[in-house]
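Student: My questions all concern the structure below.
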Amino acid sequence: MKLASLKHGRDGRLVVVSKDLSRCADASAVAPTLQAALDDWDAAAPRLNEIADALAENRIAHRPFDPALCASPLPRAYQWLDGSAYVNHVALVRKARGAEVPASFWTDPLMYQGGSDCFVGPRDPIATLDESWGIDLEAEVVVILGDVPMGASREEAANAIRLVMLVNDVTLRNITGPELAKGFGFVQSKPASAFTPVAVTPDELGQAFDGAKVDLPLLSFVNGKPFGKPVCGNDMTFDFPTLIAHAAKTRALCAGTILGAGTVSNRDVGGGPGKPIDEGGLGYSCIAEQRTVETIRLGKPVTPFLKFGDKVRIEMLDRQGRSVFGAIEQDVVRYVRT
């Protein structure tokens, strides 16, 4: 089942989307918003599946599905937690800041709580005041959770996964270092994130999702040029049940919590830093990682961060080459207050 939220008020209007992402059907008879469906998932999910079946068989009124009309599947969420499951990425980015990776990072997940009060839609721009802040994409896989009890077991954590989607977790790299040096986490360096048009139930991924990892490439493009295609299941130090249980160690998580696994990052076949796509590698899911690899190999970074006028695309294709979630497509623009 594939779900989306059309732009409507603050929390969107829930629709069920066809498997090929071409059509959608209103789901307000079941729940007005995705959050409402998540709050009563056991009752809502079977009825939403009925709409999905009727849509597939053309037995229900529908309209063309247009990602440009979409908000984030959850336009605002009670909680947005982002981990760094790909420690290879953490190590490389910290190296660029001259910071070492503590040994505990390989055994205890790193996680922060981000702003979740105003996500932007999948076709909304990356709007910022100053391009000198070092605008960077970060392509990730995320899950939306049902209720998770405090002290959840691995099985309870895995069973709490309701939906899967992708995110562009934008980072302002030139603000990150000074902000983290204060020792109190991200705020200004993390503007609004954008999620894919569609969130899908785990069964939509078939054998590509084993309940813990997604075993498909995550595709990123900058100005139409392939930038990254790392495989999400590779080099993932902490899988989703581990991340969820970590977040729930000392507190319960409520339905509608979004949890990310962090920027997807693969090592090279020889175990070293990954190579760019144009050199036969799998590329990267953020510019900071490429710049770090360039510093290691060339003595200095070469690739610039995003500038006004640049375009970013993030997408995942299934093993038959079909888009799973639809694409995040964002222009980088100067913010103008309206």
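The values are calculated or read from the model by the stated rules, or taken from the named source; none is laboratory data. This is a predicted model, so every value here is computed, not measured. All Cβ positions, even for glycine, are placed from backbone atoms using ideal geometry, and neighbour counts span all protein chains on display. For accessibility, only protein heavy atoms count, side chains too; no ligands or nucleic acids. Shrake-Rupley method; radii C 1.70, N 1.55, O 1.52, S 1.80 Å.
Student: Only residues that are open to solvent by 30 Å² or more (accessible area, probe 1.4 Å), closer than 27 Å to Ala208 by Cβ and in a loop (DSSP other than H, G, I, E, B): list them for the stretch 277-322, please.
Tutor: Of everything in the stretch 277-322, those that are open to solvent by 30 Å² or more (accessible area, probe 1.4 Å), closer than 27 Å to Ala208 by Cβ and in a loop (DSSP other than H, G, I, E, B) turn out to be Gly280, Leu282, Asp318, Arg319, Gln320, Gly321, Arg322.
Student: Can you list the strands (runs of 3 or more DSSP E) lying wholly within the stretch 94-173 that have 2 or more residues being in contact with a Ser or Thr (Cβ under 9 Å, 6 or more places away or on another chain) and open to solvent by less than 30 Å² (accessible area, probe 1.4 Å)?
Tutor: Details: elements: 111-113, 126-128, 139-145, 161-168.
In the stretch 94-173, 139-145, 161-168 are the strands (runs of 3 or more DSSP E) which contain 2 or more residues that are in contact with a Ser or Thr (Cβ under 9 Å, 6 or more places away or on another chain) and open to solvent by less than 30 Å² (accessible area, probe 1.4 Å).
Student: Could you count how many residues in the stretch 201-228 are assigned to a helix (DSSP H, G or I) and on the phi < 0 side of the Ramachandran plot?
Tutor: The qualifying residues number 6.
Student: Right, another one. Any idea how many residues of the stretch 310-338 are of a type in the set (D, E, K, R) and more than 18 Å from Cys70 (Cα to Cα)?
Tutor: Within the stretch 310-338, the subset of a type in the set (D, E, K, R) is 310-311, 313, 315, 318-319, 322, 329, 331, 334, 337.
Now restrict to residues that are more than 18 Å from Cys70 (Cα to Cα): 310-311, 318-319, 322, 334, 337.
Within the stretch 310-338, residues that are of a type in the set (D, E, K, R) and more than 18 Å from Cys70 (Cα to Cα) number 7.
Student: I've got another one for you. If you scan the stretch 33-58, which residues turn out to be assigned to a loop (DSSP other than H, G, I, E, B) and either under 17 Å from Phe325 (Cβ atoms) or open to solvent by 80 Å² or more (accessible area, probe 1.4 Å) (or both)?
Tutor: Asp40, Glu57, Asn58
Student: What about Gly274, is it surrounded by fewer than 19 Cβ atoms within 10 Å (Cβ to Cβ) and either part of a loop (DSSP other than H, G, I, E, B) or touching a Lys or Arg at 6+ places or on another chain (Cβ under 6 Å) (or both)? It would help to see each step written out before you state the result.
Tutor: Working: surrounded by fewer than 19 Cβ atoms within 10 Å (Cβ to Cβ): no; either part of a loop (DSSP other than H, G, I, E, B) or touching a Lys or Arg at 6+ places or on another chain (Cβ under 6 Å) (or both): yes.
Spelling it out, it is not the case that Gly274 is surrounded by fewer than 19 Cβ atoms within 10 Å (Cβ to Cβ) and either part of a loop (DSSP other than H, G, I, E, B) or touching a Lys or Arg at 6+ places or on another chain (Cβ under 6 Å) (or both).
Student: Name the residue, out of Thr292, Thr250, that is under 16 Å from Leu92 (Cβ atoms), out of contact with any strand residue (DSSP E or B) (no Cβ under 8 Å at 6 or more places or on another chain) and β-branched (Val, Ile, Thr). Quick ask: steps written out before the conclusion?
Tutor: On the way: Thr250 fails: under 16 Å from Leu92 (Cβ atoms).
Result: Thr292 is the single residue among Thr292, Thr250 that is under 16 Å from Leu92 (Cβ atoms), out of contact with any strand residue (DSSP E or B) (no Cβ under 8 Å at 6 or more places or on another chain) and β-branched (Val, Ile, Thr).
Student: So, in the stretch 173-190, of the ones that are touching a strand residue (DSSP E or B) at 6+ places or on another chain (Cβ under 6 Å) and not small (Gly, Ala, Ser), which residue ends up nearest to Asp318 (Cα to Cα)?
Tutor: Here the answer is Arg173.
Student: Oh, and also: Which condition from (1) in contact with a helix residue (DSSP H, G or I) (Cβ under 6 Å, 6 or more places away or on another chain); (2) closer than 30 Å to Met1 by Cα; (3) without any contact (Cβ under 8 Å) to a residue 24 or more places away in the chain is the one that Ser265 breaks?
Tutor: (3)
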